[in-house]
Amino acid sequence: MTEKLPLLTRIRIPILIYLVVLVGYLAASGSRLKAPTSDNHYVILAMNLLQGRLSLRGAPPHQNDFALVQELTLSDGRHVRGTFLKTGGPNHFKTTTGERMYIEPSQIRSRKSVYYVSFPWFPALLMLPFVAIFGIKFNDVIFNVVLGAFNPVLVYLLLQRLRALKYSDRTVVQNLWLTGMFAFGTVYFYSSVIGQVWYTAHVVGVGLTALYALAALEGRHTLLAGLCLGLGFVTRTPIPFSFPLVVGEVLRRHMAPGAEIPDVPSVWTRARAAWPYVRKLAAFKQLLIASIPAIAIAALAFVVNYLRFDNPFEFGHYYLNVRWTERIQRWGLFNYHFLSRNLAVMFTLLPRILTRPPYIRISHHGLSIFVTTPIFTYLIWPQRRSPLQPWLYLSCLFPMILHLLYQNTGWLQFGYRFSLDYTVYLVALLAIGGYRMGWRARTLILCGVAVNTFGALTFYRDMKFYWDTMFPVD
């Protein structure tokens with residue numbers, strides 16, 4: 001029987017985790033804490049919202065990852081919005097409604113450039129009260145560090161919940177090892193200490209993912225789970241594709257007593273045997289209720305998208321004013337064309353080893369997840385089966401498919417940052433997978449801590465360790 005910790009201990013440990021992680025993140029962030037980053041898009045978006053605007057007032061402070069929509073008045077009186085295509089020639093124009101036009105410069109009576117923050121907007125809502133007080137100078141680095149230190153606490157609570165439900169046989173000490181691994185031995189470490197819009201989204205997204213996993217367990221708080229998935233959609237759009245966890249847990253909760261499930265390796269065989277025992281109407285009702293907040297938030301996001309880009313499904317990334325605009329226009333945001341490159345970055349990308357200083361160079365595309373967190377190699381060979389495993393693996397797989405087909409590897413990064421959309425599930429799989437937490441596992445954890453500490457200290461600070469290389473895209 002799993003021993004129950006005294007109440008005071010259960011309160012003290014999360015507080016200690018937060019304080020230790022906060023001190024570690026503050027130390028790693030160092031001089032970055034002195035000023036906000038130049039990529040504080042969410043601060044700008046929050047200021048726009050406070051002013052009642054969906055677009056920027058004038059031009060942005062720089063051109064990095066802002067959406068640019070051209071508003072033209074033509075000589076025949078028509079008003080069109082959209083972008084000039086780099087793939088079809090300088091006079092080819094695609095409107096926000098999808099129409100393709102050929103426009104001669106002589107046809108343009110007036111031209112206006114309208115800029116938007118294309119990133120989903122929930123992190124900006126979290127910043128609203130601080131931006132209202134401190135204005136555009138609100139420090140996004142401090143925001144990331146203070147909020148980021150809280151997420152390892154949620155991971156620890158998730159691991160303890162798995163232990164209490166008998167899915168995991170990890171001791172408290174082992175769960176603390178896994179929590180420390182998440183906080184300092186994954187790409188979450190460097191992502192929490194440098195500020196910037198991309199990493200703010202990851203910090204907020206990881207918190208929503210951990211809350212979602214806690215709420216989804218045993219299908220008991222599915223309304224909260226649906227809310228987290230909805231907010232995840234307006235933070236990091238792949239997050240709601242981890243819906244299999246809540247679906248699986250609701251189905252298991254509504255399993256009729258006396259179900260005879262064969263103990264066989266095949267997940268499909270076990271699923272087919274279990275299906276007749278599911279009280280389907282009750283499960284459907286609970287999932288329908290859980291979907292209400294997610295659908296409501298998605299609907300609001302679609303309305304905002306339509307108001308900005310005349311398309312409910314366009315967040316603005318198609319209009320990013322970046323150096324790879326041409327490949328977006330040619331291949332789209334998601335395409336099989338990008339699969340091999342993304343597979344290489346996710347699983348096999350290694351650092352360069354040199355015989356002269358600085359002795360090591362890391363690609364701007366990052367490093368393999370097995371380099372930054374070596375203990376994830378354990379997940380290839382689970383040591384025991386658990387009813388949670390299929391749902392957790394699917395909750396990793398569906399967002400991963402989006403990442404592998406996406407036009408961007410995550411560049412510029414130390415490690416594969418997109419993996420943060422499902423890293424919480426990977427930690428949970430380590431907890432329930434029956435792996436021994438002996439000296440080998442702890443050595444791998446410490447190796448991950450060393451690698452990610454290097455990244456947290458050097459990335460965007462000492463760039464002699466990094467080199468810019470782009471994979472062919474056409």
Sort the following peptides by mean Cβ neighbour count (other Cβ atoms within 10 Å, averaged over residues), highest first: 42-55, 215-228, 77-90.
-> 215-228, 42-55, 77-90
Accessible heavy-atom area order of Y378, Y460, Y212, Y167, highest first, probe of 1.4 Å | Y460, Y378, Y167, Y212
Heavy-atom accessible surface of the stretch 415-458: percent carbon and sulfur, 1.4 Å = 70
Which whole-number percentage describes the relative contact order of the stretch 284-332, with Cα contacts under 8 Å and a sequence gap of 6 or more?
-> 18
Residue-span extension gain [T9 to F347] - 0.36 nm each, minus C-alpha spacing = 117.7 nm
Among beta bridges assigned by DSSP with both residues in the chain, the antiparallel ones amount in percent, to the nearest 5, to 90
Heavy-atom accessible area of E99, protein chains in place, probe 1.4 angstrom, given in Å² to nearest 10, is 90
What is the distance in Å between the Cα centres of the stretch 189-255 and the stretch 318-377?
-> 25
So the FRET efficiency between W324 and A273, C-beta based with R0 = 60 Å and rounded to 0.05, is 0.80
The extension gain from K464 to F134, computed as 0.36 nm times the residue separation minus the Cα-Cα distance, is 115.4 nm
For the chain, accessible area per residue (1.4 Å probe, heavy atoms of protein chains only), Å² = 45
From the backbone phi of the stretch 285-291, what are the Karplus-calculated ³J(HN,Hα) couplings (6.51 cos²θ - 1.76 cosθ + 1.60, θ = phi - 60°) in whole Hz, Gly and Pro given as x?
-> 4, 5, 5, 5, 4, 5, 7
Within the accessible area of the stretch 316-398 (1.4 Å probe), percent carbon and sulfur | 64
M400 accessible area, assembled protein chains, probe 1.4 Å, Å² = 40
Just need the relative contact order of the chain here, percent rounded to a whole number, with Cα pairs under 8 Å and 6+ apart.
-> 19
Quickly work out the A59-to-L402 label distance, labels modelled 7 Å from Cα along the C-beta direction, and quote it in nm with one decimal.
-> 3.4
Expressed in nanometres to one decimal, the distance between label points 7 Å along Cα→Cβ at F302 and S106 is 4.5
Share of carbon and sulfur in the accessible heavy-atom surface of the stretch 52-160 [1.4 Å probe, %] = 59
Hey, what's the per residue convex hull volume over the C-alpha atoms of the chain, in cubic angstrom?
-> 171
Once fully extended, how much extra length lies between K285 and R356, figured as 0.36 nm per residue of separation less the alpha-carbon to alpha-carbon distance?
-> 19.2 nm
Cα shape, the stretch 168-259, gyration tensor, a/c 1.5 rule = oblate
Taking only the C-alpha atoms, wrap a convex hull around the stretch 210-334 and report its volume per residue in Å³ as a whole number.
-> 152
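The values are calculated or read from the model by the stated rules, or taken from the named source; none is laboratory data. Keep in mind it's a predicted model, so treat the numbers as computed, not measured. Glycine gets a Cβ as well: all are built from the backbone with ideal geometry, and neighbour counts include every protein chain shown. Ligands, DNA and RNA are excluded from the accessible area calculation, which covers all protein heavy atoms including side chains. Shrake-Rupley method; radii C 1.70, N 1.55, O 1.52, S 1.80 Å.
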